[in-house]
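I have placed the structure first, in the form of structure tokens, so that the comments after it can refer back to it.
The numbers here are math on the coordinates, done by the rules we state, and not lab data. Quick caveat: nothing in here was measured; it's all calculated off a predicted structure. As a convention, Cβ positions derive from the backbone with ideal geometry for all residues, glycine included, and neighbour counts pool all protein chains shown.
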Amino acid sequence: MYVCCLDLGGTNIRGTWIGNSGARGVLTSVTRPPSLEGTKQVLVSIIRRIGQDAPEDISGIGLASAGPLDYLDKRYLATTNTPELDYFQVGDFLQAEFNLPVLMENDAQAAAMGEVWQGSLAGSSNAVVLTLGTGVGSGVILNDHIWRGDHLTGPELGHVFMGENRKLCGCGQYGCAETWLNNEALLELFKESGCIPDGLREMVFSLENGDDKAWDAIETYGKRLGFYISILQVVFGIDNICVSGGLSAFVPYCRHYIWLKLKERLQNRQFWIPERIVASADPEMSALYGMARAWMPKRE
Ligand SMILES: [Zn+2]
């Protein structure tokens, strides 16, 4: 069985075919046009291209995107990444266009499923997966299933209160984890330490070169992340935690500080300390694998 999986991001629409063995095609990426008509055309052309490239006819289509969604009407609601698709029944549109069933998922929740199927936490039945990037997304896997809660929105762990700060979160509140841990927060720490990188690549470069200022910044960031995980552990008490998204590249640099803070916070409650905290091996693929997994028979 082969399915066409797409990840609808703010800048690009990425996708590939994935088989039930985990085999996959090359990743195709197209710039997302800002209009609904343009996006519809791009979706149709990218799915057609991926279908032609697949070893056999594709059996279904899987879409992952940020934000809450209406599973029944197969549409996204109030997304931050793809506003032109909000409330448009994109699932029905693609189903009619290709005569194929369409499954949709929140991207962070799809990423969590991808990590336990083919990623860094392969084989885990329970997991917390944090997607750190422009925002802080989250997915929780319980007994091999995505945990969505009664409102089907899943956990929004990026909006857990982490402490007062001056940044207003996109949700309208202050102090959300997202404002402490996203791209902007990390970049700000680097700047405050006196290291002025242009972007994430330069930050990694400064760390690799042993720049003390960069290491000061990453120490603070790692401790923040450790503090955050300690809050989540009190709720979930899960052994397997994965950091995905663009900032997963920083986990190897701040791993020591994450554990330092985590153990300090949970020293009297050792039973909440997770077994492992890993970085995604391939954050670009997590959500796509998760969408493919949605089509596969579940483990009993
Ligand atoms: Zn928030």
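What the table shows:
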item	result
³J(HN,Hα) computed for each position of segment 99-111 - Karplus, 6.51 cos²θ - 1.76 cosθ + 1.60, integer Hz, glycine/proline x	6, 10, x, 10, 10, 10, 8, 5, 5, 6, 6, 5, 4
24 Å Cα cut-off, lysine pairs counted over the chain (separation 8 or more, or different chains)	13
Isotropic mean projected area of the C-alpha convex hull, segment 2-106 (nm²)	5.8 nm²
Total formal charge among the other residues, if their Cβ is under 14 angstrom from that of residue 138, Lys/Arg +1 and Asp/Glu -1	-4
Cβ-based net charge around residue 110, under 9 Å, with every Lys or Arg adding one and every Asp or Glu removing one	-2
FRET efficiency, residue 97 to residue 59 (Cβ-Cβ, R0 22 Å, nearest 0.05)	0.90
Exposed trypsin sites (Lys or Arg not before Pro) absent: longest stretch of the chain, with sites in DSSP loops and at most 11 other Cβ within 10 Å deemed exposed	1-165
Computed P(r) (all Cα pairs; the chain; 20 Å bins; percent)	34, 56, 10
Under Karplus coefficients 6.51, -1.76 and 1.60, residue-wise ³J(HN,Hα) of segment 120-137 in Hz, glycine/proline x	5, 10, 3, x, 6, 8, 10, 7, 10, 10, 9, 9, 9, x, 4, x, 10, x
Sorted largest first, extent of segment 201-288 alpha carbons per principal axis (Å)	37, 35, 15
Whole-Å distance, taken between Cα centres, linking segment 141-201 and segment 1-75	26 Å
Simple spin-label estimate for residue 71 and residue 267 in nanometres, 7 Å along Cα-Cβ	4.3 nm
Over segment 120-281 - Rg/Rh using Cα atoms and the Kirkwood inverse-distance radius	0.96
For the chain: relative contact order, % (alpha-carbon pairs under 8 angstrom, 6 or more apart)	19 percent
Which of 96, 136, 126, positive extreme of dipole for segment 40-152 (C-beta unit charges)	136
